[in-house]
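Peer 1: Before I ask anything, here is the structure I am working with.
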2 protein chains.
Amino acid sequence: MFRNFKVVSRVVFGRGCFNQLDDIVLENRKEAGSCMVFLVDDVFKNSVLERRLPLQKHDMLLWINVDNEPTTAYVDQLTRRIRSHVEVDSKQVAGGVIGIGGGSAMDLAKAVAIMLTNPGSAADYQGWDLVQHPAVYHMGVPTLSGTGAEVSRTTVLIGPQKKLGINSDYTVFDQIVLDPDLISGAPGSQRFYTGMDCYIHCIESLNGRFINMFSRSYGEKALALCREVFLNGGPDEDDKLMMASYFGGMSISYSQVGICHALSYGLSFVLGIHHGIGNCIAFDRLEKYYPEGVREFREMLERNRIQLPRKVVADLDEKRLEKMIDVSLILEPLWQNALGSDWKKKMPREKIKDIYRQM
Amino acid sequence: MFRNFKVVSRVVFGRGCFNQLDDIVLENRKEAGSCMVFLVDDVFKNSVLERRLPLQKHDMLLWINVDNEPTTAYVDQLTRRIRSHVEVDSKQVAGGVIGIGGGSAMDLAKAVAIMLTNPGSAADYQGWDLVQHPAVYHMGVPTLSGTGAEVSRTTVLIGPQKKLGINSDYTVFDQIVLDPDLISGAPGSQRFYTGMDCYIHCIESLNGRFINMFSRSYGEKALALCREVFLNGGPDEDDKLMMASYFGGMSISYSQVGICHALSYGLSFVLGIHHGIGNCIAFDRLEKYYPEGVREFREMLERNRIQLPRKVVADLDEKRLEKMIDVSLILEPLWQNALGSDWKKKMPREKIKDIYRQM
């Protein structure tokens with residue numbers, strides 16, 4: 001059985017296309033009085049971007065904070081806030097959610113769009129294909145590129161017990177707005193770490209066992225674009241990085257990430273390390289598994305003058321290290337993609353611990 | 001303004017995924033008694049593929065003939081046949097159309113799906129964004145790769161006065177099933193000419209004025225895949241050709257084809273030459289405009305032992321030649337993409353005639 005892959009069905013790409021947001025939203029304002037919820041990364045408070053948001057009378061602007069990785073509790077809290085806002089006037093319905101920001105902001109928007117139509121807590125849906133009801137209309141507007149969150153069928157959340165995505169066809173955005181101008185203002189290191197998320201997941205998927213030609217075609221081009229951006233640069237680099245992220249996300253359709261992402265999930269859960277930087281910290285210790293990729297990654301580090309944090313795990317207490325290993329081991333498909341069906345033999349806990357201790 | 005590009009929202013890719021057709025169709029059989037119409041290229045009559053069609057009680061199997069390029073009259077005729085079939089039992093509705101075949105078969109399926117919900121003749125909708133009502137559910141299953149018809153927002157038809165596509169968001173398939181096994185049986189020259197459609201439209205879009213990074217990323221990868229297929233070959237070549245076609249089609253999103261396609265439309269209209277071979281005949285005479293592309297194309301001709309038809313226009317009577325020029329000149333966006341807004345100055349009728357006379 002091959003997955004019947006759900007693709008984001010509407011894409012606008014172009015410098016300045018953010019200006020079309022009002023028109024695009026308008027088409028999706030179904031009922032008079034329906035409310036669009038703008039979930040926007042709070043780094044944009046009082047920015048030019050804030051003034052460009054096409055807010056209308058009934059709309060709701062929710063600033064979201066992603067200093068920490070998104071949690072299921074935060075999703076539940078945002079969902080409650082939207083529900084109570086909507087209840088003020090019973091004619092209103094939440095007609096859609098528009099997420100503006102990096103991977104975390106987009107993931108929050110996807111999760112909230114799901115939770116507006118599904119009962120319980122977001123934590124109930126962490127896993128694969130657990131969502132029962134279609135989400136409300138949701139749109140992603142990336143202001144950082146690399147995660148592939150704009151096209152993926154997952155929204156990765158830290159729950160009470162684990163870091164795991166809500167993987168579902170309903171998670172996929174209905175619309176994405178790809179404006180390379182929006183990513184040009186990101187701080188250099190954040191841009192780098194997020195971009196490396198794309199680079200690393202291409203290396204992992206292209207070297208994995210699940211790959212097919214659909215995913216390979218996307219992955220190879222995403223990788224080539226990452227190389228152009230992080231080894232050469234140039235005037236089109238924002239356009240290229242945005243496309244690398246989109247292609248990188250598409251390449252996951254029929255493949256999977258691998259060891260690095262599994263380890264990175266543990267780092268995030270136990271130490272609160274953000275996904276992009278966590279990937280970089282882990283990848284730097286995986287030369288044995290991805291030799292060429294790690295060599296090229298180090299060249300990228302150097303060219304972009306990035307100093308990786310060191311000794312983040314080395315002195316960690318045993319209990320927390322064990323939890324880190326537990327979290328990484330939940331990601332079975334990732335290990336299987338990287339090492340095959342006998343991955344448990346090839347990667348006992350002690351070996352994972354050794355790798356973590358080098359970080 | 002950038003186009004809000006409509007993408008095929010469901011894609012299955014994989015060798016043997018045609019076996020999942022029944023499951024995929026099942027999800028889209030909305031009402032009891034609703035009828036799925038299978039439009040299948042009649043080369044598959046009495047073939048293994050015919051026996052694999054998941055036909056159910058109320059379904060309709062229509063063999064279609066594409067010895068000639070699809071016409072608006074043929075679309076109207078097929079639509080009438082489906083309507084009268086459905087009227088036999090008033091409970092029935094045509095719930096969807098499934099096109100199985102090459103670019104012509106897929107174009108017919110797209111056009112019929114539109115005409116089942118729109119009044120008048122298909123000829124009324126040749127042009128850009130003229131369709132008023134959404135089509136019925138429609139699925140494309142390519143058995144030849146290269147045209148990009150599986151992802152494009154057009155269905156190219158020969159009408160009473162012109163060869164022109166029905167370009168509309170409603171034209172886009174809801175689902176495509178990409179099974180590389182299905183294209184492995186095509187005759188060598190047909191496979192080559194159809195594949196060259198992809199190669200040529202990549203050359204035209206990458207060298208055109210409309211291109212942006214979205215289209216460029218797709219176009220460059222499609223071109224690279226075409227090179228692998230037609231210069232090297234190898235065990236994965238069907239997978240690669242299928243992806244080349246998909247990427248080539250996607251690359252047209254924000255770009256356009258160029259001179260070769262414009263001329264090829266004239267060849268088809270007046271001489272009934274099929275699109276793929278028409279492109280090759282025209283491209284071979286465009287070294288001045290696409291020097292590297294034409295050189296490489298000739299290398300591909302040689303490696304694949306293809307003998308291009310010669311002297312197809314050279315001795316044509318003046319009246320028909322003039323009509324050929326008329327038809328090619330309708331494609332304004334193509335000329336503009338290739339030559340700029342002053343294309344009419346750069347390409348007077350006499351110059352077009354000279355190029356045609358060399359074919």
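Peer 1: Is there a residue in region B:196-213 that is of a type in the set (A, V, I, L, M), within 11 Å of another protein chain (Cβ to nearest Cβ) and in contact with a strand residue (DSSP E or B) (Cβ under 9 Å, 6 or more places away or on another chain)?
Peer 2: yes
Peer 1: When region B:132-147 is examined, which residues are found to be surrounded by fewer than 22 Cβ atoms within 10 Å (Cβ to Cβ) and under 15 Å from B:Ile166 (Cα atoms)?
Peer 2: Within region B:132-147, B:Gln132, B:His133, B:Pro134 qualify.
Peer 1: Taking into account only those residues within region A:267-296 that are farther than 30 Å from B:Met213 by Cβ and not in a helix (DSSP H, G or I), which is nearest to the other protein chains (Cβ to nearest Cβ)?
Peer 2: Going through the qualifying residues, I end up with A:Tyr289.
Peer 1: Would you check if there is a residue in region B:91-105 being assigned to a loop (DSSP other than H, G, I, E, B) and within 12 Å of the chain's Cα centre (by Cα)?
Peer 2: Initially, region B:91-105 is screened for residues assigned to a loop (DSSP other than H, G, I, E, B), giving B:91-93, B:102.
Going one step further and asking which of them are within 12 Å of the chain's Cα centre (by Cα), we end up with B:102.
Yes, region B:91-105 contains at least one residue that is assigned to a loop (DSSP other than H, G, I, E, B) and within 12 Å of the chain's Cα centre (by Cα).
Peer 1: Is it the case, given these coordinates, that B:Gly101 is under 30 Å from A:Val25 (Cα atoms), touching a strand residue (DSSP E or B) at 6+ places or on another chain (Cβ under 9 Å) and more than 14 Å from chain A (Cβ to nearest Cβ)?
Peer 2: For B:Gly101, the condition - under 30 Å from A:Val25 (Cα atoms), touching a strand residue (DSSP E or B) at 6+ places or on another chain (Cβ under 9 Å) and more than 14 Å from chain A (Cβ to nearest Cβ) - is not met.
Peer 1: Considering only region A:226-236, I want to know if a residue exists there that is surrounded by 22 or more Cβ atoms within 10 Å (Cβ to Cβ), more than 20 Å from the chain's Cα centre (by Cα) and within 11 Å of chain B (Cβ to nearest Cβ).
Peer 2: No, there is no match, as no residue in region A:226-236 is surrounded by 22 or more Cβ atoms within 10 Å (Cβ to Cβ), more than 20 Å from the chain's Cα centre (by Cα) and within 11 Å of chain B (Cβ to nearest Cβ).
Peer 1: In region A:154-187, which residue that is charged (D, E, K, R) and modelled with pLDDT under 95 is surrounded by the fewest Cβ atoms within 10 Å (Cβ to Cβ)?
Peer 2: Result: A:Lys162.
Peer 1: Separate question: Answer yes if at least one residue in region B:247-260 is within 14 Å of another protein chain (Cβ to nearest Cβ) and touching a strand residue (DSSP E or B) at 6+ places or on another chain (Cβ under 7 Å), and no otherwise.
Peer 2: Checked region B:247-260: at least one residue is within 14 Å of another protein chain (Cβ to nearest Cβ) and touching a strand residue (DSSP E or B) at 6+ places or on another chain (Cβ under 7 Å).
Peer 1: Read through the list (1) of a type in the set (Lys, Arg); (2) in contact (Cβ under 8 Å) with a residue 60 or more places away in the chain; (3) under 22 Å from B:Lys344 (Cα atoms), then give the number of the only condition that B:Arg227 fails.
Peer 2: Failing condition for B:Arg227: (3).
Peer 1: Go through region B:191-221 residue by residue and tally those that are within 14 Å of B:Tyr254 (Cβ to Cβ), in contact with a Cys (Cβ under 8 Å, 6 or more places away or on another chain) and among the small types (Gly, Ala, Ser).
Peer 2: Total satisfying the criteria: 1.
Peer 1: Among the residues of region B:293-315, which ones are touching a residue at least 40 places away in the same chain (Cβ under 8 Å) and closer than 23 Å to B:Leu334 by Cβ?
Peer 2: Passing the criteria: B:Gly293, B:Glu296, B:Phe297, B:Met300, B:Val312, B:Val313.
Peer 1: Follow-up. Applying the selection to region B:214-225, what residues are at the interface with another protein chain (Cβ under 10 Å from one of its Cβ atoms), aliphatic (A, V, I, L, M) and surrounded by fewer than 24 Cβ atoms within 10 Å (Cβ to Cβ)?
Peer 2: At the first step, the residues of region B:214-225 found to be at the interface with another protein chain (Cβ under 10 Å from one of its Cβ atoms) are B:214-218, B:220-222, B:224-225.
Filter once more, keeping what is aliphatic (A, V, I, L, M): B:222, B:224-225.
Hit for region B:214-225 is B:Ala224, nothing else.
Peer 1: Then there's this: Mind telling me which of the residues B:Phe18, B:Phe5, B:Phe38, B:Phe13 ends up being more than 14 Å from every other protein chain (Cβ to nearest Cβ) and out of contact with any Gly (no Cβ under 7 Å at 6 or more places or on another chain)?
Peer 2: Only one candidate qualifies: B:Phe38.
Peer 1: Picking from A:Asp239, A:Asp169, A:Asp174, which residue would you name as being in contact (Cβ under 8 Å) with a residue 40 or more places away in the chain, touching a helix residue (DSSP H, G or I) at 6+ places or on another chain (Cβ under 8 Å) and acidic (Asp, Glu)?
Peer 2: Checking each option against the conditions leaves just A:Asp239.
Peer 1: I've got another one for you. For region B:21-35, how many residues meet the condition of being of a type in the set (A, V, I, L, M, F, W, C) and within 14 Å of chain A (Cβ to nearest Cβ)?
Peer 2: Start the filter on region B:21-35 by keeping residues that are of a type in the set (A, V, I, L, M, F, W, C), which leaves B:21, B:24-26, B:32, B:35.
Still in the list and also within 14 Å of chain A (Cβ to nearest Cβ): B:21, B:24-26.
Adding up the residues that qualify gives 4.
Peer 1: Identify, from the list A:Gly120, A:Gly148, the residue that is in a loop (DSSP other than H, G, I, E, B), at positive phi and without any contact (Cβ under 8 Å) to a residue 40 or more places away in the chain.
Peer 2: Only one candidate qualifies: A:Gly120.
The values are calculated or read from the model by the stated rules, or taken from the named source; none is laboratory data. Please read these numbers as outputs of a predicted model, since none were measured by experiment. Methodologically, a virtual Cβ is constructed for each residue, glycine included, from the backbone with ideal geometry; neighbour enumeration extends over all protein chains shown.
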